[in-house]
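Let me begin by presenting the structure, written as structure tokens, before commenting on it.
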């Protein structure tokens, strides 16, 4: 049986995207043999490897990052780069300055959450592979480690070590050493799965900050899935944005697994014959103009990007699998029929003919 693995990139509170991605694999009945990750990706990978996908989903759906990390919006904005340093340093009462003076955010609540939530017996007793990466600070040595080499009583230590960005209070943990976030060396450790001769590896990217390493793929096929839209920041306090990431991860992954069409929206498979039919009234010159607008490589790409342009403009939800023909008629009849405009793309969509 072919082995399929997931490698989950680090990226803080963007990590909910990976939960949605997992559920797309489940929807497609694809069996995953192993999970590896960096930082938040290691935490997600651990719970998935222990068979706790439902617990993980509930956690992300109800997550209150501000309470978990004891931070407020001021600190989140500072870390996310939305405020200038000078503003953060105004006054000794600043939450940012207090946290810096205390040498970082405490990981106590995060540690307790992991201890309470992770079913260690399930993780160590099942056959799913699990691994992570962290970095030993004093010599900047990367530590790639698998489940079989992690003592059960040190599991949470290794997870915290993999998640230890400099914003956290760094204290000696494993062998009385200080460890930092694995993303400083490898933000998506596909190496762990390649070394175990996995046939197919899906790396679930979340646009995290960290180093991306070029690894020899050997005999493994590596497929990348990444957000089709902007997702939340690393320290995101808005619960609704975090929940939206889960949906985005699901539909982006479903599009890849089912080979659906679309770029920012998801459409069931569109045939080239159908594209020829609906563009039969469009002159080559006009089509070329629209193609250049989208920098598209084919008529099919042009038509898809045109309808996505309209769907985005009219605020149509991206979280659905659409039938292209039905959606085109819906937009033509409900949005564009009486819509007087000189908009190049809208006028192009009006000219497409299904019959």
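Can you name the residue in segment 1-14 that is at pLDDT 95 or above and not in a loop (DSSP other than H, G, I, E, B) and is also surrounded by the fewest Cβ atoms within 10 Å (Cβ to Cβ) among such residues?
The qualifying residue surrounded by the fewest Cβ atoms within 10 Å (Cβ to Cβ) is 4.
Please work out if residue 231 is touching a helix residue (DSSP H, G or I) at 6+ places or on another chain (Cβ under 9 Å) and under 20 Å from residue 188 (Cβ atoms).
Yes; evaluated as a whole, the condition is true for this residue.
Residue check: is residue 136 over 20 Å from residue 189 (Cα atoms) and touching a helix residue (DSSP H, G or I) at 6+ places or on another chain (Cβ under 9 Å)?
For residue 136, the condition - over 20 Å from residue 189 (Cα atoms) and touching a helix residue (DSSP H, G or I) at 6+ places or on another chain (Cβ under 9 Å) - is not met.
Answer with yes or no whether residue 346 is outside the structural domain of residue 253 (by TED's automatic domain parsing) and over 26 Å from residue 250 (Cα atoms).
The answer is yes for residue 346.
Of all residues being more than 25 Å from residue 52 (Cα to Cα) and within 24 Å of the chain's Cα centre (by Cα) in segment 114-142, which is surrounded by the fewest Cβ atoms within 10 Å (Cβ to Cβ)? Just the residue, please.
The extreme case among them is 142.
Could you go through segment 155-164 and let me know if any residue there is farther than 25 Å from residue 127 by Cα and either without any contact (Cβ under 8 Å) to a residue 40 or more places away in the chain or assigned by TED's automatic domain parsing to the domain that holds residue 13 (or both).
Among the residues of segment 155-164, at least one is farther than 25 Å from residue 127 by Cα and either without any contact (Cβ under 8 Å) to a residue 40 or more places away in the chain or assigned by TED's automatic domain parsing to the domain that holds residue 13 (or both), which makes the answer yes.
How many of the residues making up segment 252-281 are touching a strand residue (DSSP E or B) at 6+ places or on another chain (Cβ under 9 Å), touching a residue at least 40 places away in the same chain (Cβ under 8 Å) and part of a loop (DSSP other than H, G, I, E, B)?
6
Of everything in segment 282-293, what is in a loop (DSSP other than H, G, I, E, B) and crowded, with 16+ Cβ neighbours inside 10 Å? Give them in sequence order.
282
Please go through segment 196-229 and give me each residue that is touching a residue at least 40 places away in the same chain (Cβ under 8 Å) and over 21 Å from the mean Cα position of the chain (by Cα), ordered by number.
Passing the criteria: 196, 197, 198, 199.
The values are calculated or read from the model by the stated rules, or taken from the named source; none is laboratory data. This one's a predicted model, so the numbers in the text were calculated from it and none came from an experiment. All Cβ positions, even for glycine, are placed from backbone atoms using ideal geometry, and neighbour counts span all protein chains on display.
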